[in-house]
1. Of 119/199; 72/181; 155/181; 136/196; 108/181, which sit over 26 Å apart, Cα to Cα?
2. Which is farthest toward the positive dipole end of the stretch 2-225 among 89, 172, 11, measuring Cα position about the Cα centre, with Cβ charges +1 (Lys, Arg) and -1 (Asp, Glu)?
3. Under the Karplus relation 6.51 cos²θ - 1.76 cosθ + 1.60, θ = phi - 60°, what is the ordered set of whole-Hz ³J(HN,Hα) values for the stretch 138-145, x standing for Gly and Pro?
4. Which one, 186, 162, 125, is farthest towards the positive end of the dipole of the chain when Lys and Arg carry +1 and Asp and Glu -1 on their Cβ?
5. Going by the alpha-carbon gyration tensor, a ≥ b ≥ c the square roots of its eigenvalues, is the stretch 90-235 rounded (a/c under 1.5) or, if a/c is not under 1.5, prolate (a/b greater than b/c) versus oblate?
6. Taking neighbour counts of Cβ atoms within 10 Å as a proxy for exposure, in what order, fewest first, do 244, 163, 69, 40 appear?
7. Compute the FRET efficiency between residue 204 and residue 80 as 1/(1 + (r/R0)^6), taking r as their Cβ-Cβ distance and R0 = 25 Å, and round to the nearest 0.05.
8. For residue 246 and residue 191, compute 0.36 nm times the residue count separating them, minus their Cα-Cα distance, and round to one decimal in nm.
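Nothing in this text is a laboratory measurement; each read-out follows from the coordinates by a stated rule. Just so it is clear, the model here is predicted, and its values are computed rather than measured. With ideal geometry, Cβ positions are generated from the backbone for all residues, glycine too; neighbour counts draw on all protein chains shown.
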Amino acid sequence: MNIVVCVKQTPDTAELPKISVAEVTSGDIKTTLVLNPWDEFAVEEGLQLQDRFGGDVTVVTVGEEKATEALKDAIARGVQSAVLLSDPAFAGSDAWGTATILAAAIKKNGPVDVVLAGKQSVDGNSGLVAPGLARKLGATLLTNVTKIVDVAGGKITVERQLEEGRETLTASLPAVVSVSKEINDPRYPTFMGIRKASKAQIPVWSLADLDVSAGSVGQTAALAQWTDLRKPAARSSQVVLVKEATVEATAAKLADLLMAEKVI
């Protein structure tokens, strides 16, 4: 079974209380970057699926060169291979652009059975990358997964957490699975794993290595650029105060105005 885990490097939330107002105002925020905590559960689940069903686990991320540290964290936990997707053209990509890049890399990596991702990232919090990936890959989307029961015969059976309870369902592979923190307890990097990760040579794939057009990713393709185009036209309004000598006269005047405006 081929398993791909999509991760992200995010600020260490433990250090956020240390950030000063001056840093926020200037935009010069200095904090440690770590493997997104939600993605730790996805990495652990990938390793557990490998132990249960065999196969290979590959972890991928989109980012600058420093994002290799998040990949090395996954390697230190037991993942065998990783790929960094990095190119100046990727900078400023929104969730849809990021999904476009990841999907192209997954296809380049070969046939995949299960794509795992954390429920969300601690910086963006949108949770939109997994749905975008499923759309781009033409795969089944399974969200809020708290347990992967079985993977066999081209099917995957999972338990999902819903507002009114839990449900168990079976879906066709390939599948993009967005996991919740209830799914497992992530293992810690081992000493030997850290040593292995420090020596790992992680390949870097750029725009030229992927079947992606420059116009579909990056800042210029981000939907936020077109926010003004999606806004409805501004509406004007007018306030009319109705006050006659008597309550009956006021009501009659109000009824006349409402009928004139075809409200009643």
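1. Pairs exceeding the cut-off: 119/199; 136/196; 108/181.
2. Towards the positive end, the residue furthest out is 172.
3. So the Karplus estimates, Gly and Pro as x, are x, 10, 5, 9, 10, 10, 6, 7 Hz.
4. Working it through, the farthest residue towards the positive pole turns out to be 186.
5. oblate
6. Ascending number of Cβ neighbours within 10 Å: 163, 244, 69, 40.
7. About 0.90, to the nearest 0.05.
8. 11.1 nm
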